[in-house]
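These notes concern the structure reproduced below.
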Amino acid sequence: MKRRAVLHQLAAGASALALPALAQSDRRILLGQSAPLTGSAAQLGIQFLSGAKLAFERANARGGINGRNVELRSMDDSYEPARCQANTQALLNEDVLALFGYIGTPTSLAALPLATAARVPFVAPFTGAQALRDPFNRYAFHLRASYYDETARIVNQVTQVGMKRVAVFHQNDSYGQAGLDGVLRALKAVQLEPVATATVERNSADVSAALERLLPSRPEAIVQVSAYKSCAAFVRAARKAGYAGQFYNVSFVGTQALADELGPDARGVVVSQVMPYPFAPVSALANEFLGAAAAAQPKVQANYSSIEGYIAGRVVLEGLRRAGAALSREALIAGLESIQNLDLGGFFVDFNPRKRVGSSFVDLTILDGSGNVRR
């Protein structure tokens, strides 16, 4: 009997070791995020995270989801794919219910295969890259419009005002290539090609080679597809060299971060946006967000990155609510799929079992050089 009891205990211990540590409990729902909290894209991660926390804290203060608080475990990847991949594996080892709010194309491309292999939902990545959307992946839920949508809107604006000489300054990685592909696609539709293209390395602000390559082509407009520090460095250097043309940026640049980095040099820079205007209560959603941001301790800065985090939080919370009390990853997928034409207060989100891009909204804004963004 004694030998049998010992064997039974050993077997039970071995079984326990073979099982993953269960992070979910009757009291909490754990989500995981890898994002740049340091480095050249840090403001994007910090601002998005602050907005997401607003949404989660608001829900938790009202009793959570079926009595369970939502917790977000955030890890810093400094916008480096290898660090993001390691963070993602660590989060999966913690048995998070879903991966949420990843920031950037190269990092998301490193993480999504791990999420897919583990059958874990990958919700609201801060990127518009087509490579994350095509082919269809049932585990990936995209909240924002694509870079194809953004660059099409930019090229339409450029050509409507009569400009034809367009150059592209882009990051030398999958994000920059995604934006370049969008510009090429949009220009081809109007029988144009870029007069020149040039690159900058990720997490670098050395734009000297790009400047030497682009300015001699005499572009009327330069579309920038990079992070805010390198885009700001290029704008400053180009203007110092006498360039008087128009600068356009896609939303991932981080509008507030770019405005802060450029200061007075931001005047006239155009940025495409995939989220509603966050600086005034012009919609019910913006009014709700601004109230939550002002009431937070410390207060949360209202900008496009933080409102995107807030909306992403609202969407995953809605998916969790619809998933029901018997919560699982598959239940969350079903809950998110049931979010069809949902009005969050002037911003609509629409998924279904064969649709994983929730919004195609794109707007254009212009920086005024005093830290303000005009619609």
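A compact table of results
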| item | result |
| --- | --- |
| Solvent exposure, largest accessible area first (probe 1.4 Å, DNA, RNA and ligands not counted), of LEU192, LEU214 | LEU192, LEU214 |
| Degrees separating the helix 174-189 axis from the principal Cα axis of the chain, which is the longest one | 50 |
| Accessible area of LEU31 in the full protein assembly, 1.4 Å probe (Å², nearest 10) | 0 |
| Carbon and sulfur %, accessible surface of segment 188-262 computed with the full protein complex present, 1.4 Å | 46 |
| Electrostatic dipole magnitude of segment 264-322 [Cβ: Lys, Arg +1; Asp, Glu -1; Cα centre; debye, to 20] | 140 |
| Heavy atoms of ARG28: accessible area, 1.4 Å probe, square angstrom to 10 | 70 |
| Members of LYS299/LYS355; LYS164/LYS355; LYS164/LYS240 lying beyond 32 Å, as alpha-carbon distances in this model show | LYS299/LYS355; LYS164/LYS355 |
| Theoretical ellipticity at 222 nm over the chain - DSSP helices of four or more residues, -39500 (n - 2.57) apiece, nearest 500 | -14000 deg cm²/dmol |
| Crossing angle, helix 81-93 versus the chain [Cα axis fit, 0-90 degrees, rounded to tens] | 20 |
| Amide H within-cut-off set for ALA196, under 5 Å, with H built and near neighbours excluded | VAL168 |
| Charge dipole (segment 22-156, unit charges on Cβ, about Cα centre) - positive-most of LEU49, PRO36, ASN156 | LEU49 |
| Relative contact order computed over segment 104-227 (Cα-Cα under 8 Å; 6+ residues apart), in percent | 25 |
| Degrees, to the nearest 10: 304-323 long Cα axis against longest axis of the chain | 30 |
| Size of electric dipole in the chain: Cβ of Lys, Arg +1 and of Asp, Glu -1, about Cα centre, debye, nearest 20 | 700 |
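The values are calculated or read from the model by the stated rules, or taken from the named source; none is laboratory data. Computed from a prediction, not measured in an experiment: that's the story for all the values here. Note that we place each Cβ from the backbone using ideal geometry, even for glycine, and neighbour counts take in every protein chain shown. Protein only, heavy atoms only, side chains kept; ligands, DNA and RNA dropped before computing areas. Shrake-Rupley method; radii C 1.70, N 1.55, O 1.52, S 1.80 Å.
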